[in-house]
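The structure appears right after this line, and notes come after that.
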Amino acid sequence: MRLTNSKQAFGLMAVTLHWLIAVAVLGMIWLGNYMTDAEDYTAYQLHKSAGITILALSLLRLLLRFLDPPPPLPEAMPRLERFAAHLSHWAFYALMIGMPLSGWALISASPSGDMIKTRIWGWFELPALPGLKTLADRDAAADAFEDAHEFLATALLVLLALHVMAALKHHFWNRDTVLSRMVPFLAPPKDRR
């Protein structure tokens, strides 16, 4: 596998970032549910560290997309499906960047964030986003950011389910290379004929 994308498949950098972010997001969804039920301080710190890491990886993935464009979609793909594929990928970027930012805004606005510092992987303290500690009603702002964070998490889950179903549809129904070009060990499907 080559490092960069080709006309036929994604390169090692894109594939690695894709799967790192995918596994991290799935872990975050589980961790988010666990930490709110268990009220586990360590889980909250882990959740915040992983969220900032996902933010950094997503920004890197977005930069890579501009510097190393993805392989073209199959020529036989209908225009509506092409549009949906492009729209869903940009929605993924918006969600993978928006979710961590909304979480960061939540802890920046929350008065409890003044007492409980966020340490990213124990290496450094995450500063508050500018202007959020000086809001008149920080509790209301924190509640709004929490609602936004939960909404974005739900939207990401729905988009993720659609993404997986579309990839499986392309592999088993359309029998094209959409899935196999992102899964290096998966052979392209044989032609139906």
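The values are calculated or read from the model by the stated rules, or taken from the named source; none is laboratory data. If you're wondering where the values come from, they're calculated on a predicted model, not measured in any experiment. Here Cβ is always computed from backbone atoms with ideal geometry, including for glycine, and neighbour counts include all displayed protein chains. These accessible areas exclude ligands, DNA and RNA; they are computed on the full protein's heavy atoms, side chains included. Shrake-Rupley method; radii C 1.70, N 1.55, O 1.52, S 1.80 Å.
Within the range 1-58, the set of residues being buried (at least 18 other Cβ atoms within 10 Å of the Cβ) and on the phi > 0 side of the Ramachandran plot is empty. Residue pairs whose Cβ atoms lie under 8 Å apart, separated by 6 or more positions or on different chains, with the first residue in the range 157-183 and within 26 Å of W30 (Cβ to Cβ) and in contact (Cβ under 8 Å) with a residue 12 or more places away in the chain and the second crowded, with 17+ Cβ neighbours inside 10 Å and among the aromatic types (F, W, Y), are L159/F92; H163/F92; M182/F10.
In the set (1) farther than 25 Å from R82 by Cα; (2) open to solvent by 50 Å² or more (accessible area, probe 1.4 Å); (3) of a type in the set (K, R), the condition left unmet by K169 is number (1). Here A76 clears all of (1) closer than 20 Å to G113 by Cβ; (2) open to solvent by 80 Å² or more (accessible area, probe 1.4 Å) except the condition numbered (1). For the range 116-147, a residue qualifies if it is hydrophobic (A, V, I, L, M, F, W, C), open to solvent by 80 Å² or more (accessible area, probe 1.4 Å) and either more than 21 Å from G32 (Cα to Cα) or in a helix (DSSP H, G or I) (or both), and the qualifying residues are W123, F124, A136. If you scan the range 99-115, which residues turn out to be within 22 Å of H163 (Cβ to Cβ) and open to solvent by 20 Å² or more (accessible area, probe 1.4 Å)? Across the range 99-115, the qualifying residues are M99, L101.
Checking each residue of the range 70-80 against the condition of being touching a residue at least 40 places away in the same chain (Cβ under 8 Å) and either of a type in the set (D, E) or assigned to a helix (DSSP H, G or I) (or both) gives no match. Assess whether R61 counts as being within 21 Å of L159 (Cβ to Cβ), of a type in the set (K, R) and surrounded by fewer than 14 Cβ atoms within 10 Å (Cβ to Cβ). Judged against the criteria, R61 is not a match.
This table checks each residue for (1) of a type outside the set (G, A, S); (2) touching a Ser or Thr at 6+ places or on another chain (Cβ under 6 Å); (3) in a loop (DSSP other than H, G, I, E, B).
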{"position": "L101", "(1), (2), (3)": "yes, no, no"}
{"position": "H149", "(1), (2), (3)": "yes, yes, no"}
{"position": "V164", "(1), (2), (3)": "yes, no, no"}
{"position": "P184", "(1), (2), (3)": "yes, no, yes"}
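One residue stands out among those in the range 46-82 that are of a type in the set (D, E, K, R) and within 30 Å of T36 (Cα to Cα): the one that is modelled with the highest pLDDT, which is R61. The set of residues from the range 70-108 being out of contact with any helix residue (DSSP H, G or I) (no Cβ under 7 Å at 6 or more places or on another chain) and among the polar types (S, T, N, Q) comprises just one member, S108. Going by the structure shown, is S108 modelled with pLDDT under 85, more than 30 Å from L3 (Cβ to Cβ) and among the hydroxyl-bearing types (S, T, Y)? Against the criterion (modelled with pLDDT under 85, more than 30 Å from L3 (Cβ to Cβ) and among the hydroxyl-bearing types (S, T, Y)), S108 does not qualify. Taken across the range 81-93, residues that are more than 21 Å from L159 (Cβ to Cβ) and either open to solvent by 70 Å² or more (accessible area, probe 1.4 Å) or part of a helix (DSSP H, G or I) (or both) do not occur at all.
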